[in-house]
Amino acid sequence: MPFDNYYRFPVWVFYSWFKPSVSYGEIKACIREINNKNYRLANKQELKSSANSQFAALLARHDKLTTVRGDLVRLLNQIQPVCCAGKYLHNTDELQTKYQNDKQEYLRQFRFNICPENSDSEGYTTEKIFDAIRAGCIPIYWGSEGCPESEILNQDAILFYDPDNPDALLQQVRRLESDPEYYAEFISRPPFKEDAADKIWQMIDGLRDKLEKVINQH
């Protein structure tokens, strides 16, 4: 980069996941909990066999920069209706009336979360995919040039949307919905890589070092 003080620090780290005062041990414990297959498998299997199970959700305010969100909803509506609890394509008030705008609790009832970015650029990864993972959903993702946080996230635990080949995603979701064994195997995949906690800690520690240097320069 042409700027000496440039430092890439993704917004998702502090936006909804960790406090600035977080310790390495706390990050490690969080990743370990989410990577435990029972974090997702037990809850989703119980939901899938109950009347409370839901197919897929989209939480979005707009689709102004691309048509990807609308395209994904229309694509997956061929399987089951997608619940859109945000302003965009709004068709349910449950997030507000039943869950008091608690997005994580709302998403926990869904097997899939449609969570594309606003644009497809290298390194542009927001909290959207991480919110899906934390809720135990299978993320349906577009953005980051098809490689979101590749040093941190297990790419095999994510469903990717290719606008040039939408049928590939459609068939994969159909299979996950119709094949319980395949669904159980997929939802059991750890969403974070083994050394994810170390990579996240390096980001935070690096930011602190960078800020100290900038402050000391003045």
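The values are calculated or read from the model by the stated rules, or taken from the named source; none is laboratory data. Given the structure is predicted, the values throughout are model-derived calculations rather than measurements. Glycine gets a Cβ as well: all are built from the backbone with ideal geometry, and neighbour counts include every protein chain shown.
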*Somewhere in the range 174-182, is a residue surrounded by 13 or more Cβ atoms within 10 Å (Cβ to Cβ) and in contact with a Phe, Trp or Tyr (Cβ under 9 Å, 6 or more places away or on another chain)?*
yes
*If you take the residues in the range 89-121 that are among the aromatic types (Phe, Trp, Tyr) and within 25 Å of residue 10 (Cα to Cα), which one is nearest to the chain's Cα centre (by Cα)?*
112
*asked:* Going residue by residue through the range 109-116, is there one that turns out to be at pLDDT 95 or above, assigned to a loop (DSSP other than H, G, I, E, B) and within 20 Å of residue 33 (Cβ to Cβ)?
replied: no
*Residues located in the range 88-97, provided they are of a type outside the set (A, V, I, L, M), assigned to a loop (DSSP other than H, G, I, E, B) and touching a helix residue (DSSP H, G or I) at 6+ places or on another chain (Cβ under 9 Å)*: 88
_Return the residues of the range 69-80 that are touching a helix residue (DSSP H, G or I) at 6+ places or on another chain (Cβ under 9 Å) and of a type outside the set (Asp, Glu); say none if nothing qualifies._
72, 75, 76, 78, 79, 80
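Need at least 3 residues that are under 17 Å from the mean Cα position of the chain (by Cα) and at pLDDT 95 or above per element, so show me which helices (runs of 4 or more DSSP H) inside the range 1-87 make the cut, counting only ones lying wholly within it. Full working, then the answer.
Numbers: elements: 24-35, 37-48, 68-76.
Those helices (runs of 4 or more DSSP H) span 24-35, 68-76.
For every residue, the table says whether it meets (1) loosely packed, with under 14 Cβ neighbours inside 10 Å; (2) part of a helix (DSSP H, G or I); (3) within 20 Å of the chain's Cα centre (by Cα).
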site	(1), (2), (3)
148	no, no, yes
164	yes, no, no
189	no, no, yes
200	no, yes, yes
208	yes, yes, no
